[in-house]
Every structure is written in structure tokens, then in C-alpha cells.
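One structure is given below, encoded as C-alpha cells.
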Amino acid sequence: MRTAYPLRVKNSVTVYAPAKINLALRVGSPRPDGFHPLNTVFCSLDLYDVIDVEQADELSLELVGCELEVDEHNLALRAARALQTRTGTNHGARITITKTIPVAGGMAGGSANAAGVLVGLNELWDLGLTASELAELGSELGSDVPFCLMGGLAIGTSRGENLVPIRPGFFQSWVLIVNDEGMSTPAVFKKYDELRPEPHEPASIEEIVAALQGSSIDGLVGLLVNDLAEPAFHLRPDIRRTFERAHGSGIATVLSGSGPTIAILCTSDQEADVLAEGLRNDGMRVLRAVGPAVGPHIVRSN
Ligand code: C5P
């Protein structure tokens, strides 16, 4: 059968786009541009949104598995438009995103979708942009998008877009307590500024970075930290209560990003399964994941 497009241009592509958590998130006072300088450790999880892109005349986006309305502010759609503008391509695409990553959960779901769309359309339209060209485009879309393109485990500085990958000493089993009511990242940063108005640099993450590269998970006990936890808890006392109930389980417990997702690091899959079961019996919504996981990857292209 003849294909409607030149051979290297594809008809449809599927990408798995992973969620992230922050194993450390140290925040400084806001810069003149309003963004906060960060010292953070990003970690991808094997919790994926599935992104299907198909050739079409126009750009369109459908979200499956969540109630979010699609509008022009949607980061995945903005990523597709940015790629069109950057390359001058006249292709369109029908984009379908099947959501698993909680919306507004502090796990970079929107940024993961933008990253997955960039990877998928780069392949679909045979644009040939390099990883660093995609990262540059990604950083214009959002602070977390460059990491969402890279995946794995990485130190993030500046507003989070400046990345250095780190080699993990071990893979980790995670229990995630998710919450249906998402949180606004700008609101949490604003509350952070109210609670810490004096000028300051983000604290060092050297100790946790060394522990992550060590040979034993025990070196991480009590080290996971997030400066946005306190402001998030101020805005959402229910999340503080959930955190306090979970605290002391596993190796360490940390709020991810600006919340409300709480991540608990466990020594083994077995320990994580038992903990997840117990938390579910307590009425919490719980997911299991392994991380670090690989970044966005094409699972089908034809
Ligand atoms: O970069 P992104 O658009 O994802 O950021 C969303 C919001 O989060 C920003 O508008 C800002 O309020 C806040 N933010 C910040 N400092 C960062 C990253 C995000 O203040 N380093």
C-alpha cells in the first residue's frame, strides 16, 4: 500500500511520558524575573501518560482519563505549536493523551505531556531536532520540561532547567499517596515567599546527591527534603495530616514538587506492596512506582 507521506515521515507514533518526583527541593528567594532559584533532584518514575500522535491537517488534542478541559493554554498543545513555529513545518497532528499521572499533583504531568509531544512530533514529522535543541525549546515552555525530556535522575539548578544527570547507586521502590484535589504551583511558591521573606540562597543538596550514588539505600534515611512542603501544608492542612500519618513509613517520606502527591521510598517492592495495602485500607488513594525510570520513549512508530 502506498503511504500518503514521504517514507521517513510517519503516520502515527506512540510515546510513553514518565512522571517525576523531587527527592530534594531546596528553594531560594525569588529572582528579578519572579522565578525561584532551586537546588533539586529530579527522579522519573515508571508511571506514564501515553501520547499518541497521528498525521492530520490541523493540530488537535484530546485528553482521555481526566476531566481537564483542553484550551489554548494546554502545555502539550503549546509544545506542538512551538515545534511548528521553530521548524516552519506545515504538518498538523491529532494528539491523544491517555492520562495516568495525577493532574496538578506535583509530578509534572503537564510538563511530561509537553516533553512527550515534542519527542513524538519530532519523530512523526521527521524533524531531526537533537536532544539539546528539544531541551532548549522545552525550557521556554516550562521549568520542568527539560528534565521531563531527559528522564532518569538529575540535579536541577537555576529554575530547574539546568540539568546534570547522576548515576543512581540503586533503583527504588516507591509508594505514592495521591489526592484528587490538585495544587497550584504559583500559589505554593507565593506562600513560600510569605513564610520566608528574607533574601536567601537555596540550601545545598550535596549530602543527598552523595547518598543517591552510594551503594546502600540506608544512606538515604531521613534525607529527602522539600522546602515547598511547609507552604503547601499551610494551604492544605489535609495534606499535612496525610503526610504526618505516612511519616516514618519506609526509608523516607517527601512531598513531591508543589504537592499534593506524597512519595514514600521503600527498601523493596515487597515492603512497598505491604505499605500500599495498609494505606489503601486507611482510605488513601495510592499508586506504586519504580524510579529512576527512563525518560520519554517511543514505543511504536509507523
Ligand atoms: O516554569 P513553569 O511555568 O512550570 O512554572 C510555573 C510557576 O511556578 C511559575 O509561574 C512560578 O510561579 C513558579 N516557579 C517558580 N520558580 C521556579 C519554577 C516555577 O517560582 N523555579
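Just so you know, all these numbers are worked out from the coordinates, no wet-lab data involved. Being a predicted model, the structure only gives us computed values, none of them experimental. All Cβ positions, glycine included, derive from the backbone under ideal geometry; neighbour counts span all protein chains shown.
Things to note:
- Leu212 meets each of the listed conditions (1) under 23 Å from Arg81 (Cα atoms); (2) surrounded by 14 or more Cβ atoms within 10 Å (Cβ to Cβ) apart from (1).
- Any hit, region 152-159, residues being away from the ligand (no atom under 14 Å from the Cβ), buried (at least 24 other Cβ atoms within 10 Å of the Cβ), touching a residue at least 12 places away in the same chain (Cβ under 8 Å) and not in a loop (DSSP other than H, G, I, E, B): yes
- For Leu163, the stated conditions do not hold, so it cannot be described as out of contact with any strand residue (DSSP E or B) (no Cβ under 8 Å at 6 or more places or on another chain) and of a type outside the set (D, E, K, R).
- Among the residues of region 110-131, those that are outside any helix (DSSP H, G or I) and either within 16 Å of the ligand (Cβ to nearest atom) or in contact with a Ser or Thr (Cβ under 6 Å, 6 or more places away or on another chain) (or both) comprise Trp125, Leu127.
- Search result, residues across region 88-109 that are of a type in the set (Gly, Ala, Ser) and either in contact (Cβ under 8 Å) with a residue 60 or more places away in the chain or in a strand (DSSP E or B) (or both): Gly92, Ala93, Ala104, Gly105, Gly106, Ala108, Gly109
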